[in-house]
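Novice: Here it is, the structure in full.
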Amino acid sequence: MSDNQIQCYDVAVIGAGMAGMAAALFAAERGLSCIQIGSGGGILFASGLLDLLAVHPVAEHRLWPSPYEAVAALAREQAGHPLARVDAASIRTAFETFVAALTSAGMPYAPLGQRNSSVITSIGTVKTSFCVPQTMIAGVDALARRLPCLLVDFRGLREFSARQITETLADDWPALRHQRIEFAGFEAMPELYAAHLARALENREARERMIARIKPLLGDARVVGLPALLGIGRSGEVHAAFEAGLGLPVFEIPTMPTSVPGLRLLGALEAVMSARGVTRRHQSSVRALRFDGSKALLELEGVRGGEHIEASAVVLATGRFSGRGLNADQQSVRESLLGLPVQQPLAREAWHQRDFLDPTGHAINRAGLTTDDAWRPLDASGKPAWPNLFAIGSILAGQDWMREKCGSGLAIATAWSAIEQLMQQLHGAQAR
């Protein structure tokens, strides 16, 4: 494509993490033409679990059984928190829409309820999350009821130890036991990789061999836990085959990143984007963004010959430091693309607490963009930088998503709300 060719879209989404994916999905489902720019590589580090809100207040590390009650408390006590600015009905609709799209792309989730779930991790801790993949849900019930459970791992698979999980949870779950076995067909391999094993299990013969090795070990077990490697693109089929072959509920335990559930999630989201007609430039980045009246003009790099995009609206979903939405030097934090003002501590010395593990967290983790009620980032004068520019996800100020366990909730809820506001802006402009 030559530099003179310009492609026109209703919406340009900059960023392909969870927030960018959600925004592109919600825009496309409303009939808007959409281009998404950026790499979704960060999703590879996802566990597959979708948090809404688990911890509030952070300093007390209070865990909430109901994420909606947690959001209500957050709204009462921190009204400026981005998640607190989205009403409960919109949050529920956003999650239902997002999860339905993933299910349609072959990554089904357990039905959504009103409560968080407790999920075992690969190091034997327990994580509180809201949306749980169907392949993991039997573990939630097993943990809640402390059922007799067999955990199985494989010699050579690093960073996952069924023995460690069992010993860590032994006092609270005495009916948990573990077994290490050889993975059929990989006996000569000194080191195993979860993605390779997951692809192997998509072969029926390989599945049957592994089921035959596990079945004699069941004993009194009423449920079986495995590392999360039951297929990638066909996880539902592989999981169902293991449950049928073993005659028991089977659940996966999220592994260390980069993880097989992360591969599944990225693959499912990419399929969703394709099915809904979203144009993706996943190996590109935005070299320049400027506004000309009612249009945004984007110049991309990473495409041979360059590419120019014209959009009626732009969604910034560029993340913080890891996504390069924000950059920092020894003096300050800066927004990378437009130089938008960043809410941050006044002095560099105030970025971090003296204690790295301070339960209140670090002020730098709440740095980000401030927006008006329509999610439009503000310029130095305190006004929207451009009428149809929106910011969502972790680039927003006033939240500490890692400690609050609300990363997916923040991304999905603010994407939904921003696209609603974007629709109003575009329809209002058309009406005028």
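Novice: How far is the Cα center of segment 163-194 from the Cα center of segment 356-432, in Å?
Specialist: Centre-to-centre (Cα) distance: 42 Å.
Novice: Would you look at the GNM of the chain, springs on alpha carbons closer than 10 Å, and say which of Glu335, Glu96, Glu349 moves the most?
Specialist: Highest fluctuation among the options: Glu349.
Novice: Rounded, prolate or oblate: which one fits segment 71-120, using the alpha carbon gyration tensor with axes a ≥ b ≥ c (rounded when a/c is under 1.5, else prolate when a/b beats b/c, else oblate)?
Specialist: prolate
Novice: Now for a separate question. Kindly work out what percent of the DSSP beta bridges joining two residues of the chain are antiparallel, to the nearest 5.
Specialist: Of all bridge pairs located within the chain, approximately 45 percent are antiparallel.
Novice: Next question, about the same structure. Which whole number in µm²/s is D for segment 137-253 by Stokes-Einstein, with the Kirkwood Rh taken over Cα pairs at 37 °C and 0.692 mPa s?
Specialist: Estimated diffusion coefficient is 230 µm²/s.
Novice: To make sure I understand, if each residue's beta carbon is the centre and we count other beta carbons within 10 Å, what order do Ser259, Ser235, Ser312 fall in, fewest to most?
Specialist: Sorted ascending by nearby Cβ count, the order is Ser312, Ser259, Ser235.
Novice: Let me ask you something else. At q = 0.13, 0.17 Å⁻¹, what log₁₀ I(q)/I(0) does a Debye calculation on the Cα points of segment 178-312 give, no solvent, two decimals?
Specialist: -0.68, -0.93
Novice: Based on DSSP, what percent of beta bridges with both residues in segment 137-253 are antiparallel, to the nearest 5?
Specialist: Given both bridge residues lie in segment 137-253, the antiparallel proportion sits at roughly 0 percent.
Novice: Output the Kirkwood hydrodynamic radius of the chain, Cα pairs only, in Å rounded to one decimal. Walk me through the numbers on the way to the answer.
Specialist: Working: mean 1/r = 0.0436 Å⁻¹.
Value: 22.9 Å, from the Cα pair sum.
Novice: Separate question: Report, as a whole number in µm² per second, the diffusion coefficient that Stokes-Einstein gives for segment 1-86 at 25 °C and 0.890 mPa s using the Kirkwood radius over alpha carbon pairs.
Specialist: 155
Novice: Provide the descending list of Cα extents for segment 299-432 along its principal axes, expressed in whole angstroms.
Specialist: The principal-axis extents, from largest down, are 54, 35, 30 Å.
Novice: Treat segment 32-185 as a sphere of radius equal to its Kirkwood radius over Cα pairs and apply Stokes-Einstein at 10 °C in a medium of 1.306 mPa s; give the translational diffusion coefficient in µm²/s, rounded to a whole number.
Specialist: Answer, rounded: 88 µm²/s.
Novice: For every helix of n ≥ 4 consecutive DSSP H residues, a contribution of -39,500 (n - 2.57) applies; sum these over the chain, divide by its total residues, and give [θ] at 222 nm rounded to the nearest 500 deg cm²/dmol. Intermediate values should be presented prior to the final figure.
Specialist: Values: 11 runs with 131 residues, N = 432.
Theoretical 222 nm ellipticity from helices: -9500 deg cm²/dmol.
Novice: Tell me, what is the percent relative contact order of segment 137-253, built from C-alpha pairs under 8 Å that lie six or more residues apart? Walk me through the numbers on the way to the answer.
Specialist: Numbers: 182 pairs, mean separation 37.4, N = 117.
Relative contact order, segment 137-253: 32 percent.
Novice: Could you put Trp351, Trp375, Trp64 in order, starting from the residue whose Cβ has the fewest other Cβ atoms within 10 Å?
Specialist: Ascending number of Cβ neighbours within 10 Å: Trp351, Trp64, Trp375.
A short reminder: the numbers here are calculations on the coordinates, not readings from a lab. The structure displayed is predicted, hence computed values, not measured ones. Methodologically, a virtual Cβ is constructed for each residue, glycine included, from the backbone with ideal geometry; neighbour enumeration extends over all protein chains shown.
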